[in-house]
Every structure is written in structure tokens, then in C-alpha cells.
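The values are calculated or read from the model by the stated rules, or taken from the named source; none is laboratory data. On a predicted model such as this, the values are computed, not experimentally measured, just so you know. Every residue, glycine among them, receives a Cβ derived from its backbone with ideal geometry; neighbour counts consider all protein chains shown. Note: accessible area is taken over every heavy atom of the protein model, side chains too, but ligands, DNA and RNA are not part of it. Shrake-Rupley method; radii C 1.70, N 1.55, O 1.52, S 1.80 Å.
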Amino acid sequence: MTKKTGMESMRSLYKIGRGPSSSHTIGPERACNAFREKHRTADSFRAVLYGSLAKTGPGHGTDAVIRKTFAPLPCEISADAAAQNLPHPNTLDLFAYKEGEEIGRARAMSIGGGTIRFEGEQADTFVSVYPEMSFCEIAAYCKENGMTLSAFAAMREGEALWSFLQEIWTAMKSAVRRGLADEGVLPGGLKVQKKAKALLENPYENEIPESRENRLVSAYAFAVSEQNASGETVVTAPTCGASGVLPAVLYYQQEKNGYTDAQLLRPLAAAGLIGNLIRTNACISGAACGCQAEVGTACAMAAAALGELFGLGIDQIEYAAEIAIEHHLGLTCDPIAGLVQIPCIERNAVAAMRALDAVNLAGLLWNTRKISFDRVVQTMKETGLDMHTAYKETAEAGLAKLPL
């Protein structure tokens, strides 16, 4: 694979799609659509799932989304959880048949955030939009030219970025509002009760402002995460499993301070830069690097968004994003029963509150920072690679082993 010499557009980071997992549903769906398009004459298909797709695919709905994608044509699906030396933990082989004869095959990897790569090809269709590949480079350019992170993003992406981000924010708000109105039990068999509406409507006794903020931010994060767990439409930020963090903090600020939709687009742009940097230099896949790569990245994106919204300087925003990642290092991905419910939903709420704490600390202590954002991203990657496979979206260790 050709080495990347820049970063892609954040359009490939923010994706609107159905949950519960960007890597297990959106990614395989896109791979199957691309494979089917190449083999239009096929009358049947076969898919073999490996790694995390084999171990937690049924809980995430991977088999269901593959069948729906190839329908009305039949698709036989099997899983090989014991396969070794995979190119990525989320790997699947696809086969096309006509009258019983194989007419095509391909190996695809769902590498996080709904992005796919076919073996021997770049991830999707890679187009370098940003020559810069580190926060250090971006910060230097912004300081030299007196630009904010969002202005820098618009310069590189073009003014059409704003209409795209408006679509993204509309989808995020819709997920929050649907989740706040929803009740009942999440699908999948764990009998998890939806809690967003209760969090919204039931204040603590003698509630103080700080407690109210935590309750509301948690309600908004639960709302999106419960929509994701129900297979409803969310925005990958950076993934489906971490989709509740960024909209929660921005929706809270809009409700509290009356920001217009237009005023929230620049924070979304700053968050997109942070997510892009982590995706380029480390990973956003829980199966590859643990939940630190998903919820940790989402927290860093949310912290940067808040920093941009509040008018903090480049160094302060860097510190906020660095704090967010640093304090998620080593976080495992251990969903119970392979469902994006326990502990995933609560983690979104906790990360949203942590993003608020990170930006508050950064505003006060930014000039004492000793670690760069780029260095902590590299550390996250190294930590993820060192983490035992059983703790990376396999449902084999950690909380996933607890009996319910």
C-alpha cells in the first residue's frame, strides 16, 4: 500500500449511517455494496468473517447488514474466529457466484469509522486534502497566518465544508432529540432499559448547577448512544460506538447558551481536524487499538470543539485534546455479549463530561503543558498495539466476561 503523504477530508470521518457499529455495520455494508457493484452478473454471494467480525459480529448485527445489502440475492455467511495473521482485526472475504461458479473474490478490511480498504488498495479512495499530518504543523501554519483551526479547515477543504457540516449537525441533533423521546428496552437480549429520557426529566434532589450540567450532558450522550444501540441513524464521530460524545457537549451548549446552528459548525470543523489527525497517525478502531481509539478520540474531538467554541487559543485547544486522550490511554474495548451497550453507553456520557473538564483545565493551565498532542496520539497507538487481543472488541475478556 502506498504510504500516505497527507490527510483526507473530514467528509470521510463524519458519516451518517445506522448503528450499532461503524466497523461492524457501516464498514461491511460499504464493502458489500462496492463488491456487488463490481459483480453485477452474480446470482449469489458468500461472506466469511474473521477476527472481531467473527467474534462480535452477531451481537453487532454484521450478518444481518450483509444479508440486507446483498438482498434479494442470497448470501451464505460463515465465521472463522480462529484465523491468524489477519491484515486487520475486522477482516472479511467476499465471494461472487454465477450458476454455482465463482466469478470473483476480494478481501476487505473495515478499519474504523466506517472506512474500508480492499486488500491491495488504499482505504476507500484516498485523496489528500491536507498536506499537514501533525498538530504541530497545523498549529504552526495557523499561528503564522493568524487563523483558527476552523478557518484552516475551511481553507483546505473549501467553503462547501460548511454545508456538509450543517448536514452533519442536523443529523446529530436529530439523534439527540429522538433519543430523548425514546423509551423501552434496547434490542439484543441484555434487557437494558433506555435511560436518556429519565435523565432529562428527573433532576437530583436539591440539584446544584454542576450536577444539572452533568445530568443533562449525560442525558444527551445517552440519547445518541441508545439510538445507535437500537440500530437507528447516528453520525460517526469518530465511530458509531463513540457517537454520543461530541453531539452531547455541543447540544448542551446550544441549549444552555443559545448558540445558533451556524455557530456550532466551526467547533465541528475543529473536532474533525482532531479526529482526522488521530485516524491518520494512530487508529480509531476499537478492534485494533481498544476503546481508547474510539471514546478517547471522541473525547479529544469534543474538547477541541468546545475550545474552538469558547474562543480558546491554538495552544489551549491542543492541551484540551491532549488531556482528553491522555486520560483514556489503555481503555479496553470489552462489550458484553458483543453489543454496543454495556459499558459503551455510559462511557459516552463519562467522556462527554471529561471533555468539559479537559477544556476547563486547559483554559487555566495551558502554559504548563509538557506533552504534545502528537506525542500522546503516538502513545495511544503504541498502547493499542501492545494491548492483548482479548481486550480489543472480542467479547473474550474484561467486562465482557462478567455473567449477567
Fluctuation leader among 66, 371, 284 - the chain, Gaussian network, Cα springs under 10 angstrom: 371
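Please go through the range 82-111 and write out the GluC sites (Glu not before Pro) that DSSP classes as loop and that have at most 12 other C-beta atoms within 10 Å.
Of the GluC sites (Glu not before Pro), the ones in loops of the range 82-111 whose Cβ has at most 12 other Cβ atoms within 10 Å are 99.
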GNM top mover of 71, 352, 390 - the chain, alpha-carbon springs below 10 Å: 71
Over 28 Å between alpha carbons, listed pairs 194/392; 38/173; 68/194: 38/173
Residues whose placed amide H lies under 5 Å from that of residue 231, excluding near-sequence neighbours: 19
Residue 198-residue 375 pseudo-label distance in nm [points 7 Å out on the Cα-to-Cβ vector]: 4.5 nm
Highest average packing first - 201-207, 268-274, Cβ atoms within 10 Å: 268-274, 201-207
Carbon + sulfur, % of accessible area of the range 187-274 - ligands and nucleic acids excluded, 1.4 Å: 46 percent
Shape category assigned to the range 182-326 from the gyration tensor of Cα positions, a/c cut at 1.5: oblate
Cβ-isolated cysteines (cut-off 4.7 Å), the chain: 32, 75, 136, 142, 240, 299, 344
Accessible area per residue in Å² at 1.4 Å probe, computed on the chain: 41 Å²
Other-chain or far-sequence residues with amide H under 5 Å of residue 79's (modelled H): 49
Virtual spin-label span in nm between residue 121 and residue 170, 7 Å along Cα→Cβ: 3.0 nm
Accessible-area composition of the range 362-404, carbon plus sulfur, in percent [1.4 Å probe]: 56 percent
Selected from 159, 393, 346 as most flexible by GNM, with the chain as the system and alpha-carbon contacts under 10 Å: 159
Bins of 10 Å from zero: percent of alpha-carbon pairs in the range 263-354: 19, 48, 27, 6, 0
